[in-house]
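First comes the structure, then the notes that go with it.
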């Protein structure tokens with residue numbers, strides 16, 4: 001039986017994080033590995049995830065756990081307690097502290113390179129998108145070329161639904177035949193561009209709003225430092241690496257075996273310390289949003 005996260009612990013740590021916010025200080029997270037250190041801040045706007053991560057780090061829960069799933073061009077994942085004493089061929093990825101954390105999916109935060117996000121079970125088992133109690137991933141991702149910028153502005157789920165509806169319309173058969181020809185030619189870029197060009201028609205046909213609002217900040221991040229935009233809206237992003245992005249690359253490049261597990265164990269030690277926000281900004285170049 002799963003035990004729920006202690007209400008008292010959450011309230012206590014929420015008060016701590018709120019106090020640090022009001023006092024002009026914050027918790028700085030350092031994830032130490034044999035490939036180097038990653039330094040992160042955690043968002044006040046995701047208080048349950050922030051409080052839980054700080055609590056676990058202070059309890060040394062993460063210490064000696066592995067980054068057990070590493071996919072170059074995508075992300076590095078760790079935080080499974082079963083990984084501490086895992087044998088080389090042991091499947092990992094299902095362990096946790098015995099509770100989940102309510103989803104805190106905030107559109108302000110997205111899967112740019114360095115995003116610190118909570119892992120979770122898939123939608124079929126987990127329709128409310130609740131987060132793992134301890135497993136997290138750090139995004140590496142890829143840069144989105146300017147030619148593929150439309151992909152950031154389109155709701156892929158709605159596009160697929162609308163496209164399926166269009167395919168049921170006999171009047172659309174000539175268009176479908178044309179798309180099939182492009183697809184069979186192997187011109188995948190041309191095929192994708194043709195699909196995107198149909199969005200206004202699909203919106204009119206189905207009444208769906210397929211285009212979505214995308215901030216300039218998000219477009220700049222995805223087209224310069226990169227990320228994994230297809231994850232946006234589905235996982236709780238609760239922090240950001242502000243120093244050590246190169247360490248993500250180093251870990252992502254290591255040799256992997258089955259289930260994308262590194263052949264040589266990459267263990268972590270997670271340290272949290274309270275520090276004045278002005279010092280964090282000065283030392284790491286991170287700019288906190290203006291307090292309202």
Before we move on, is residue 196 in contact (Cβ under 8 Å) with a residue 24 or more places away in the chain, outside the structural domain of residue 57 (by TED's automatic domain parsing) and over 30 Å from residue 100 (Cβ atoms)? yes
In this structure, is residue 17 at pLDDT below 95, in contact with a helix residue (DSSP H, G or I) (Cβ under 9 Å, 6 or more places away or on another chain) and either crowded, with 18+ Cβ neighbours inside 10 Å or within 29 Å of residue 141 (Cβ to Cβ) (or both)? yes
When you scan region 276-291, do you find a residue that is closer than 21 Å to residue 60 by Cβ and either touching a strand residue (DSSP E or B) at 6+ places or on another chain (Cβ under 7 Å) or assigned by TED's automatic domain parsing to the domain that holds residue 50 (or both), even just one? no
Which of the residues belonging to region 20-62 are modelled with pLDDT of 95 or more and in a helix (DSSP H, G or I)? 47, 48, 49, 50, 51, 52, 53, 54, 55, 56, 57, 58
Return a yes/no flag: does region 245-264 have any residue that is under 28 Å from residue 81 (Cβ atoms) and in contact with a helix residue (DSSP H, G or I) (Cβ under 7 Å, 6 or more places away or on another chain). no
Selection count, region 113-141, where residues are part of a strand (DSSP E or B) and at pLDDT below 95: 0
Is at least one residue of region 89-107 over 16 Å from the mean Cα position of the chain (by Cα), crowded, with 18+ Cβ neighbours inside 10 Å and assigned to a strand (DSSP E or B)? yes
Yes/no for residue 207 being farther than 19 Å from residue 148 by Cβ and either exposed (fewer than 15 other Cβ atoms within 10 Å of the Cβ) or in contact with a strand residue (DSSP E or B) (Cβ under 6 Å, 6 or more places away or on another chain) (or both): yes
Enumerated helices (runs of 4 or more DSSP H) restricted to region 191-272, each holding at least 1 residues that are within 20 Å of the chain's Cα centre (by Cα) and more than 15 Å from residue 35 (Cβ to Cβ): 216-224
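The values are calculated or read from the model by the stated rules, or taken from the named source; none is laboratory data. What you are looking at is a predicted structure, and each value in this text was computed from that prediction instead of being measured. In this analysis, Cβ positions are derived from the backbone assuming ideal geometry, glycine residues included, and neighbour counts consider all displayed protein chains.
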